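Just below is one structure, and these are the notes that go with it.
FYI, it's all coordinate maths here, none of it is from the lab. Only a predicted model underlies this, so the values are computations on that prediction, with no experimental measurement involved. Note that each Cβ is placed from the backbone with ideal geometry, even for glycine, and that neighbours are counted across all protein chains shown.
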């Protein structure tokens, strides 16, 4: 219902806006016709369904892949202006096996679903965690990475189990993260100290305001490796989430090809090689098997 | 200098990329500003015309632009048109469209205000001299309007240049985005790079906006 209303509102506003624009003189229509020119060019590239099938992608010779351009080490741009990172390493392989060129599109966390739903990219490979809500909007392929929660604590008093937490001890979390939701739901007795921003939580933890800090395990592992004197006592807590490539809902040919590809390259331990090439510096060898998912399993 | 992290800008092609990003920002904003000035003059004149339906339409247009954050407009034009009409506009054309759409409305309102501030006697004298409406506007009213407009429109123009940083949300890599990419790629080697890189980005925006404001001062003096 709500979704419908939003769509109607958007359409109505858009219509009013465009109407106003077209009615307010030839000026705006100059801009519109300029836009119309580009529209004709690209219209044949996208099929009516809002996505491109596997054959259409192969025929065009280019695949559009949405990646992060500022989330090191998953997707970033190196000093020579080349895309790099764990997700990009996989994207390169996709391009090679499909025999097409890759056009990287720089995405933000907030517009990943929009990009797929409008068919402006063919695949999103941007550290995209699989959730039920998202699975209703886009189609996820087989996963290629694990994420879970992790808990980091000072080396002098390592927290290895949440049952060890004393009645007066507090755990630091960032508001709105899965760590907060998970702990509130499953460990209602543990006291939480909530901070709005990453930097605040980090400072509070370093000052010893809490006995431990719970966050995504990739974050806490990176923290413990970058800062002396901290250990990740619980590297994987709660529900295992996974990270997977996503395609536009209904794009079965591309989805099937991706699933086959992930299984095939899994046989040669591709994602372990990917980890060693891109994530080893940040996370170290000991977390390789915790984080990497090979062949979708 | 090391602690500020400015050195990361000299790694590889980083600085060149930053300048390319700056060019993207300048290109989008200059095209939009140029279109907005021309169209804004037109809309502004139409806003002063005594015609109720026309006034209502222009009012709706202006209010739409005022109420909607540019971010929302960008999403509606770039993603919304594809969803609703199946158009596939390029990100750059969407950005230019949105910025022109915005600039024209605000510029139009500034023009309307400036025309209203020209004393009525100027119109009456022009008509008394036998000029028709077009001549009156072209030779009497617009030259005075434009002089009044300069300080007002400079605010709008520099604001448009700075707001181009939003286009990163529709996948255009402009100067601020390149800055973020550089900072993030060097997060481990120089954690303080954010300060140095943002300082340089600030300087780049300044280098673009300052000549515009100097030009405005010059024109204002010359035409005074």
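Brief remarks follow.
- Three-way shape label, region A:144-230, alpha-carbon gyration tensor, a/c 1.5: rounded
- Length-normalised contact order of region B:52-207 in % [C-alpha pairs under 8 Å, at least 6 apart]: 21
- Taking region A:188-282 and dividing mean pair separation by its residue count, relative contact order in percent (alpha carbons under 8 Å, at least six apart): 15
- Structural descriptor for region A:133-242: relative contact order 45 percent, calculated from alpha carbon pairs under 8 angstrom and at least 6 residues apart.
- Build a GNM of chain B with springs between Cα atoms under 10 Å apart, and of B:143, B:53, B:191 the one that fluctuates most is B:53.
- Once the Cα atoms are used to define both axes, helix B:142-163 deviates from the longest principal axis of chain B by about 20 degrees.
- With Cα atoms as the point set, the radius of gyration and Dmax of region B:2-223 evaluate to 21.4, 75 Å.
- The simple Förster model, with R0 at 35 Å and r as the Cβ-Cβ distance, assigns residue B:144 and residue B:67 a FRET efficiency of 0.65.
- The distance between label points at residue B:10 and residue B:122 comes to 5.4 nm (points 7 Å beyond Cα on the Cα→Cβ vector).
- Computed label-point distance, nm, for sites residue A:175 and residue A:267 using a 7 Å Cα→Cβ extension: 5.2
- Taking the longest Cα principal axis of chain B as reference, the axis of helix B:14-48 is set at about 20 degrees.
- Whole-Å distance, taken between Cα centres, linking region B:30-100 and region A:152-174: 54
- Each label was represented as a point 7 Å from its Cα along the Cα-to-Cβ direction; for residue A:228 and residue B:220 these points are 5.7 nm apart.
- In degrees, nearest ten, helix B:193-223 long axis to first principal axis of chain B (Cα): 20
- Residues of region A:67-105 with an amide N closer than 12 Å to a point placed 7 Å from the Cα of residue A:256 along the Cα-to-Cβ direction: none.
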